[in-house]
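Structure first, then comments.
The values are calculated or read from the model by the stated rules, or taken from the named source; none is laboratory data. Remember, predicted model here, so these are calculated numbers, not experimental data. Cβ placement follows ideal geometry from the backbone for every residue including glycine, while neighbour counts extend to all protein chains displayed. Accessible surface is based on the protein model in full, side chains and every heavy atom, while ligands, DNA and RNA are left aside. Shrake-Rupley method; radii C 1.70, N 1.55, O 1.52, S 1.80 Å.
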Amino acid sequence: MKITDLVKQSSKPFISIEIIPPRKGVKLETMFAELEALMRHKPAFMSVTSHAHEWSIEKVDGRDVERMKHKRLDTNAICIAAQARFGVEPTPHIICRGFTKDETEDVLLTLNFHGIENILALRGDGPPTRGGSADAFANERAADLVEQIQLMNQGVYLDPIENADKTDFCIGVAGYPEKHFEAPDMKTDLANLHRKVHAGAHFIITQMFFDNEAFYRFRDEASKIGINVPIIPGIKPLYKREHLDVLPKIFHIKIPQTVRDSIERFSNPDDVYKASIEASVAQCKDLLAHGVPGIHFYSMSVAKPTSDVLKGIKS
Ligand code: FAD
């Protein structure tokens with residue numbers, strides 16, 4: 001089912017989950033064991049992150065050889081396997097960086113073939129380019145990727161494909177309640193978000209945030225400039241003291257002092273865990289009281305913290 005239909009049809013806010021593919025060499029059953037614990041909460045959809053390949057030129061037998069390495073298992077294969085096993089609605093992340101438009105079209109056609117209806121379209125955080133002539137035929141920004149998918153939804157492919165059906169993807173994009181780190185200011189970033197919606201995005205999932213007031217401001221400002229698609233808040237359950245330092249650095253977000261204080265007063269990992277989960281539960285309860293359509297949990301494929309937050313919300 002399309003995420004936009006899920007939003008329309010849900011009588012109460014849904015939950016959804018984001019996972020990160022396991023590293024290469026992990027077996028399907030190992031991944032499924034962790035997913036099973038998350039699937040018990042009946043997520044409306046499960047999104048799976050995607051990671052740019054690493055390209056290098058290496059000498060093999062005295063010759064320069066182009067090598068492509070991937071540390072994680074394939075996003076799209078995981079989506080197809082999880083859909084078959086759990087009946088969950090998968091939402092693969094598709095990134096621009098490191099992929100030509102041809103490669104993107106092939107992947108989208110394969111996903112369409114498997115009945116996958118939702119896509120999260122992102123620029124990606126990998127290296128800016130893959131090098132060589134391939135970059136000349138890659139999408140530069142998420143809005144370009146949205147445009148490519150929308151053309152496919154109209155039956156327009158890069159080269160004509162005889163008797164090809166139109167795809168019918170529901171497209172999500174990323175939004176940043178605290179601004180994307182490259183944007184000069186919030187106004188510009190919102191205008192760029194508007195471009196993605198104008199290009200045909202149907203819903204927005206936000207970057208993680210810990211200050212709900214920033215999210216409410218972002219939602220209001222987006223609505224003022226005519227962004228009227230559903231905005232789904234992305235929440236990362238905290239569960240370690242290190243998160244307080246690491247998450248702001250990686251994701252360019254702030255953790256409010258009140259949240260820090262509630263966690264930093266403990267040193268024992270069990271107490272830190274309990275206080276962190278309590279902080280996430282309080283954040284989610286506040287969002288639910290402010291009319292969000294659902295909450296998207298950045299589980300990072302670790303089931304317990306997200307499960308504990310969900311139990312806390314229900315209690
Ligand atoms: P864009 O929308 O292209 O924006 C990137 C920057 O360009 C912004 O600063 C924007 O303001 C600016 N911009 C946009 N259009 C213009 C324009 N016309 N002129 C000038 N500036 C412009 N990364 C991964 O690698 N894999 C993942 O699976 C992944 N999943 C994610 C899921 C979510 C929900 C979120 C929030 C992020 C995810 N990311 C992922 C991270 C994301 O790829 C990065 O944040 C990336 O830096 C930006 O991606 P974007 O799609 O928002 O880019």
Odd one out for residue 108, checked against (1) open to solvent by 60 Å² or more (accessible area, probe 1.4 Å); (2) within 16 Å of the ligand (Cβ to nearest atom); (3) in a helix (DSSP H, G or I)
(1)
Quick check on region 43-79: of everything there that is open to solvent by 40 Å² or more (accessible area, probe 1.4 Å) and among the β-branched types (Val, Ile, Thr), which residue is nearest to the ligand (Cβ to nearest atom)?
57
Restrict the check to region 148-167 and report whether at least one residue is open to solvent by 30 Å² or more (accessible area, probe 1.4 Å) and either within 12 Å of the ligand (Cβ to nearest atom) or in a helix (DSSP H, G or I) (or both).
yes
So, first residue at positive phi in region 252-278, second residue surrounded by fewer than 12 Cβ atoms within 10 Å (Cβ to Cβ), Cβ within less than 9 Å, six or more apart or across chains; the pairs are 252/181
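Conditions (1) in a strand (DSSP E or B); (2) open to solvent by 60 Å² or more (accessible area, probe 1.4 Å), marked per residue:
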{"position": "18", "(1), (2)": "yes, no"}
{"position": "25", "(1), (2)": "no, yes"}
{"position": "92", "(1), (2)": "yes, no"}
{"position": "104", "(1), (2)": "no, no"}
{"position": "112", "(1), (2)": "no, no"}
Does region 117-140 include one or more residues that are within 17 Å of the chain's Cα centre (by Cα) and either surrounded by fewer than 16 Cβ atoms within 10 Å (Cβ to Cβ) or free of Cβ contacts under 8 Å to residues at least 40 places away in the same chain (or both)?
yes
Would you check if there is a residue in region 186-206 being farther than 23 Å from residue 144 by Cα, outside any loop (DSSP other than H, G, I, E, B) and open to solvent by less than 30 Å² (accessible area, probe 1.4 Å)?
no
Being exposed (fewer than 13 other Cβ atoms within 10 Å of the Cβ) and in a helix (DSSP H, G or I): is that true of residue 249 here?
yes
Given the options 311, 304, name the one that is assigned to a helix (DSSP H, G or I) and without any contact (Cβ under 8 Å) to a residue 60 or more places away in the chain.
311
